[in-house]
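Down below is the structure, laid out as structure tokens.
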Amino acid sequence: MIKLKPAAVILDINFSGYGVVRSLHGHQIELIAIKPSNSFIPESRSRLVDKLITYSNENELFDLLSDFKYYDQNPILFLNSDYYVEYIASDWQYFKNIFNIILPDNQTIKLLLNKDLFPEFAVRNKILIPKTVTIDHNDNNNSKIENLSFPVVLKPFYRKKNWDNAGLPKVFYCKNLNEFQESYFMAIEVEKELIVQEYIPGDDSDIYFCLVYYDSNSSCKGSFTGKKLRQWPVDTGSTASATISREEFVKSETVRIFDKLKYKGFGSIEYKRHSVNGRFYLMEPTVGRLNQQEFVSTVHGINLPLICYNSLTGLNLPFSKVKHEKTIYIDEWSELKSAIYHIKHKKLTFKHWFLSVKDKKSFRYWNIKDPLVFALSIIRFFGSIVKNYRKI
């Protein structure tokens, strides 16, 4: 008797969500993508998706997720942002009966997402992290940061949708007190709680990460260690290009931390290697969801979404054979802007940039099986240029 395959629900299809779609496509799994109705996302026009569902508010999201209880088999649910992790975790007793999904317990989610709780855990477990303080709109900022040396980075305590909607950068890089004050007044209008963190010196290529998936028995079923080549914006942004890394400490430290927490589900940890002392500082954990650059692991043969799917369903769907030991994962438009910035500021020559991406390449948007996604990404990219030009 042939066992039917449960559907895979991707919430939502932006960024790592599209990586999940590409990782599972070709295995005859029904792929159902969800996204907010008020955003233009090139990935939402993917021909690899069997069904696309949109929602306009949390009530609609709850209703459409509830409709999956009528499926013969509980779908596998993949989450792709902190917002969705907290949303599902907040009503876990309800959603766990509809979807097949593993999440860390609420205590672990709060520990890893709460910028006040995690430093205490780090000290107890000898985890090296940058010096960090929290501030809010009632604080005396100068007194709070007097023990930190500039430069520093400023970011939200919780990065919510309103932060991105306001067009603010992922983090503010502040070289001195004046820049800090300017950034603070912009940020506090959007979020009332903020983080000020010691800046760890080094280039974007000094940033490493380890992506993992743990099963319900807190056993690590798959891991991938990588490093960034460039980010956009430079120094403080998201991945523009990344590849595999053989740095053993990054993997062993990540597994040590997650084992200590008796972790379950998807997770990752990002580190930065200090350019002076050479030590790795834990910069940011990802909890209960896939990381933005997850697809870089799939192209290297560590297909974490498929590992998760097989683990939850008991199936043994085959993995694609890897033809290249090293592949460069590229977010096309972020990489273009980052490369131009580096060349313009004489941090990189065109020749060295070309050599840095000469290996086999895999792109965020470009996929021969899905050309419309790339075409729409071009339109959005040049549309943003025109929009910014008109503001000048």
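Every read-out reported here was derived from the displayed coordinates using simple, explicitly stated rules and does not represent laboratory data. Being a predicted model, the structure only gives us computed values, none of them experimental. Neighbour counts run over all protein chains shown; Cβ positions are idealised from the backbone, glycine included.
Where the only charges are on Cβ atoms (+1 Lys, Arg; -1 Asp, Glu), what is the dipole of the stretch 204-384 about its Cα centre, to the nearest 20 debye?
Values: 28 positive and 17 negative charges, 75 e Å.
That gives a dipole near 360 debye.
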Among Trp353, Trp163, Trp333, which one shows the biggest mean-square fluctuation in a GNM of the chain, springs joining Cα atoms closer than 10 Å? Trp353
Looking only at Lys228, Lys192, Lys251, which one moves most when the chain is put into a Gaussian network model with springs between Cα atoms under 10 Å? Lys192
Over the C-alpha atoms of the stretch 141-230, what are the Rg and the largest Cα-to-Cα span, Dmax, in Å? 16.8, 50
With springs connecting C-alpha atoms under 10 Å apart, model the chain as a Gaussian network and identify which of His324, His274, His345 has the largest mean-square fluctuation. His345
Taking the Cβ of Ser56 as the centre, find all other residues whose Cβ is under 12 Å away and add up their charges (Lys, Arg: +1; Asp, Glu: -1). -2
Scattering profile of the stretch 204-384 from the Debye formula, Cα beads only, expressed as log10 I(q)/I(0) at q = 0.12, 0.18, 0.20 Å⁻¹, is -0.62, -1.27, -1.44
Let's test this: bin the Cα-Cα distances of the stretch 318-392 at 10 Å from zero up to the farthest pair and state each bin's percent. 16, 36, 35, 11, 2, 0
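Taking K and R as +1 and D and E as -1, what net charge do the other residues with C-beta under 12 Å from the C-beta of Phe118 add up to? Don't skip to the end; give the middle numbers.
Values: positive: Lys110, Lys115, Arg124; negative: Asp116, Glu120, Glu284.
So the environment of Phe118 carries a net charge of 0.
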Would you mind ranking Cys210, Cys220, Cys174 by Cβ crowding within 10 Å, fewest neighbours first? Cys220, Cys174, Cys210
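Asp105 to Phe382: extension gain in nm, 0.36 nm per residue of separation minus the Cα-Cα distance? Spell out each step's value before the answer.
Values: separation 277, 0.36 × 277 = 99.72 nm, distance 4.28 nm.
Between Asp105 and Phe382, full extension yields 95.4 nm more.
Starting from 0.36 nm per residue, how many nanometres of slack lie between Arg256 and Tyr158 once their C-alpha separation is accounted for?
Working: separation 98, 0.36 × 98 = 35.28 nm, distance 2.53 nm.
Using 0.36 nm per residue and subtracting the Cα-Cα distance, I get 32.8 nm.
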So who's got an amide H within less than 5 Å of the one on Tyr271, skipping anything under 5 residues away but keeping other chains? H placed 1.01 Å off N, in plane. Tyr208, Phe209, Met283
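State the three equivalent ellipsoid semi-axes of the chain, derived from the C-alpha gyration tensor as the square roots of 5 times its eigenvalues, in descending order and whole Å. Write down the numbers at each step before the final one.
Details: eigenvalues 205, 126, 103 Å².
Ellipsoid semi-axes (Å, largest first): 32, 25, 23.
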Evaluated at 4 °C and 1.567 mPa s, the Stokes-Einstein D of the stretch 49-103 based on the Kirkwood radius over Cα pairs, in µm²/s, stands at 109 µm²/s
In sequence order, calculated HN-Hα J values of the stretch 311-322 (Karplus, 6.51, -1.76, 1.60; Hz; x Gly/Pro): 5, 7, 9, x, 7, 9, 5, x, 9, 5, 6, 8
Provide the per-residue ³J(HN,Hα) series for the stretch 278-292, in order, calculated from phi with Karplus coefficients 6.51, -1.76, 1.60 and θ = phi - 60°, each as a whole number of Hz, with x at glycine and proline positions. x, 8, 8, 9, 6, 9, 6, x, 10, 10, x, 8, 7, 7, 3
Give the value in nm², to one decimal: projected area of the alpha carbon convex hull of the stretch 82-238, averaged over all directions. 11.2 nm²
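Using the Kirkwood radius over C-alpha pairs as Rh, can you work out the diffusion coefficient of the stretch 8-101 via Stokes-Einstein at 10 °C, viscosity 1.306 mPa s, in µm² per second? Could the numbers behind the result be given before it?
Details: Rh = 13.4 Å.
Answer from the Stokes-Einstein relation: 118 µm²/s.
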Determine ³J(HN,Hα), in whole Hz, for all residues of the stretch 66-75 in sequence, where each value follows from phi through the Karplus function 6.51 cos²θ - 1.76 cosθ + 1.60 and θ = phi - 60°; x replaces Gly and Pro. 5, 5, 6, 5, 8, 6, 4, 10, 4, x
Computed lengthening from Leu317 to Asn125, 0.36 nm per intervening residue step minus Cα-Cα distance: 65.3 nm
Where the centre of each part is set by its Cα atoms, how far does the stretch 232-309 sit from the stretch 64-84, in angstrom? 25 Å
Pick out, in residue order, every one of the chymotrypsin sites (Phe, Trp or Tyr not before Pro) in the stretch 1-92 that is DSSP loop and has at most 16 other C-beta atoms within 10 Å; say none if there are none. Phe40, Tyr71
Rounding to the nearest 10 and keeping the result within 0 to 90°, find how far the Cα-based axis of helix 371-391 lies from the longest principal axis of the chain. 30 degrees
Go through Lys321/Lys358; Lys35/Lys131; Lys96/Lys321; Lys326/Lys351; Lys35/Lys369 and tell me which ones have a Cα-Cα distance over 30 Å in this structure. Lys35/Lys131; Lys96/Lys321
